[in-house]
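Read the figures in this text as sums done on the coordinates, not as results from a lab. Just so it is clear, the model here is predicted, and its values are computed rather than measured. Quick reminder, even Gly has a Cβ in these numbers, built from the backbone with ideal geometry, and neighbours come from all protein chains shown.
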Amino acid sequence: MTDNRPVFRFAPSPNGALHLGHAYSAILNFEMARESGGRFLLRMEDIDTERCSPALERGIVDDLEWLGISWDGEIRRQSEHFAEYRAALDSLEADGLVYRAYLSRSEIRRRVEAHENETGAWPRDPDGAPVYPGGSHETGDDDAPYVLRLDARRAAERVRAPQAWDEEGSGPDGETGVIEAAPERWGDVILARRDTPTSYNLSVVVDDALQGVTHVVRGRDLFHATSVHVVLQELLGLSRPHYFHHDLVVTEDGRKLSKSNRDTSLKALREAGATPRDIRRMIGLDD
């Protein structure tokens, strides 16, 4: 018998402690799943095996359990599924949509600076980083460091018809409803690295399809990345979920919470005497 229930997921990276922004997303996903009679899955996005660890995963699990969040089935760990991402990458490579890119970060910076000094502004992606200045014509030694990038031009030719997604939340400028993808704003995104057969963009679409995720509920900072995701879904023949991009929990000065900036963690708040109800109040989900 086919299970047609909605499927939601929370997918943190165990490379640091959860903060209030994670709590908001986790609770929202969990409650939307329960209210719709659906399933709620927990996935660990741990492809960075150097920074991620079992101890940090345990901390995430402890935080979620403390918040009263439970999940259906076993935890999926991306580090245990590299073969599945490799298969997706092989499919794209077989279609001539992937190439080796050899420019280092410093070389990219020098090329962009030289262009801007001589000609004018170089295009930036939605995150503010320079669009990759190399291309599929690059060559390099077999032993030279490289990453694997999606050939955006060839991908656009293969997809042809504009891609779109159903947005049930909203983008940074209030965009909602049917959103037409604009993958060209990202240029040739990284799909994998020499020592890791995947990247966030590739693994997230493969995981969501394999796990039957029907509703992706995540922060608005990932709204524009959805353009890349829907194109990869089309190229790989994967299912397309509904998307709901939600508000971000920010600091008093408007800065997005970040693990790297060591913003107050749920563990620290808990140890200081906060309760799950306090957390809900702090993130604007008070009953």
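Relative contact order of segment 163-287, taken over Cα pairs closer than 8 Å and 6 or more residues apart, is 26 percent. Maximal additional length on extending the A161-R281 stretch stands at 38.7 nm, based on 0.36 nm per residue less the C-alpha distance. Here the chain is treated with +1 on each Lys and Arg Cβ and -1 on each Asp and Glu Cβ, and its dipole about the Cα centre works out to around 240 debye.
Calculated from the structure, Cα extents along the principal axes in Å equals which of (i) 103, 65, 40; (ii) 56, 43, 33; (iii) 56, 50, 39? So the calculated entry is the one marked (iii).
When shorter helices are ignored and each DSSP H run of at least 4 residues is given -39500 (n - 2.57), the per-residue value for the chain at 222 nm works out to -10500 deg cm²/dmol. Taking every C-alpha pair closer than 8 Å and separated by at least 6 residues, the mean separation divided by the residue count of the chain gives a relative contact order of 23 percent.
Contact order normalised by length for segment 40-139, with contacts defined as Cα pairs under 8 Å and 6 or more residues apart; what percent is it? Relative contact order of segment 40-139: 25 percent. Counting 0.36 nm for each residue step from A144 to A94 and taking away their Cα separation leaves a gain of 15.8 nm.
Most tightly packed first, judged by the mean number of other beta-carbon atoms within 10 Å of their residues, the peptides 272-278, 55-61 read 55-61, 272-278. Axis angle, to the nearest 10 degrees, between helix 200-210 and the longest C-alpha principal axis of the chain: 60 degrees. Among DSSP beta bridges lying fully in the chain, give the percent that are antiparallel, nearest 5. DSSP beta bridges in the chain are roughly 55 percent antiparallel. Test of understanding: in a Gaussian network model of the chain with alpha carbons linked when under 10 Å, which of E45, E118, E31 would top the mean-square fluctuation ranking? Among E45, E118, E31, the largest GNM mean-square fluctuation belongs to E118.
Among DSSP beta bridges whose residues both lie in segment 1-159, state the antiparallel percentage, nearest 5. For segment 1-159, the DSSP antiparallel bridge percentage is about 45. For segment 120-135, 3J(HN,Hα) computed residue by residue from phi via the Karplus equation (6.51, -1.76, 1.60; θ = phi - 60°) reads x, 4, 8, x, 10, 7, x, 8, x, 7, x, 5, 4, x, x, x Hz, glycine and proline entered as x. In terms of packing, defined here as the mean over residues of other Cβ atoms within 10 angstrom, the peptides 227-240, 170-183 line up highest first as 227-240, 170-183. Between S104 and D72, the distance separating the two model label sites (each 7 Å from Cα on the Cα→Cβ line) works out to 4.9 nm. The 3J(HN,Hα) values that the Karplus relation (6.51, -1.76, 1.60; θ = phi - 60°) gives for segment 107-114 are, in residue order, 5, 4, 4, 5, 5, 5, 4, 4 Hz. Gly and Pro appear as x. Along segment 168-174 the Karplus relation, 6.51 cos²θ - 1.76 cosθ + 1.60 evaluated at θ = phi - 60°, assigns HN-Hα couplings of 9, x, 6, x, x, 10, x Hz to successive residues, with x for each Gly and Pro.
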